[in-house]
Amino acid sequence: MSFYRFHELVLRPLFHNFKSLNETAFESQLWSAYIDVNKQYAKLATEHFHNDKKDLLWVHDTYMLLVPYFLRT
């Protein structure tokens, strides 16, 4: 599960200020998987929400950090 590995190896240490952040943990393949999962989530969310300004989608935590971006594009 590349999406999860990217989160656990890169984002989680970065956002929680772990001193043991391994800068070599970043792999482009894991990053691509992270982007793909966020895109899929945003696409699914747009299928279930109406396009008026009354809908609100709460995106919480670093697992879905890119979802707001993909919802706007």
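The values are calculated or read from the model by the stated rules, or taken from the named source; none is laboratory data. Nothing here was measured: the structure is a model prediction, and the numbers come from that model. Cβ: placed from backbone, ideal geometry, glycine included. Neighbour counts: every protein chain shown.
Tabulated data
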quantity	calculated
Restricting the range 40-73 to residues that are aromatic (Phe, Trp, Tyr) and surrounded by 10 or more Cβ atoms within 10 Å (Cβ to Cβ), the residue that is modelled with the lowest pLDDT	49
Considering residues of the range 26-73 that are touching a residue at least 40 places away in the same chain (Cβ under 8 Å) and in a helix (DSSP H, G or I) only, the residue nearest to residue 3 (Cα to Cα)	63
Boolean, residue 2 is modelled with pLDDT under 85 and hydroxyl-bearing (Ser, Thr, Tyr)	no
Inter-residue pairs, beta-carbon under 8 Å, first closer than 11 Å to residue 62 by Cα and of a type in the set (A, V, I, L, M, F, W, C) and in the range 1-19, second at pLDDT 85 or above and not in a helix (DSSP H, G or I), 6+ apart	11/65
Enumeration of residues in the range 34-73 that are among the acidic types (Asp, Glu), more than 18 Å from residue 14 (Cβ to Cβ) and under 10 Å from the mean Cα position of the chain (by Cα)	36
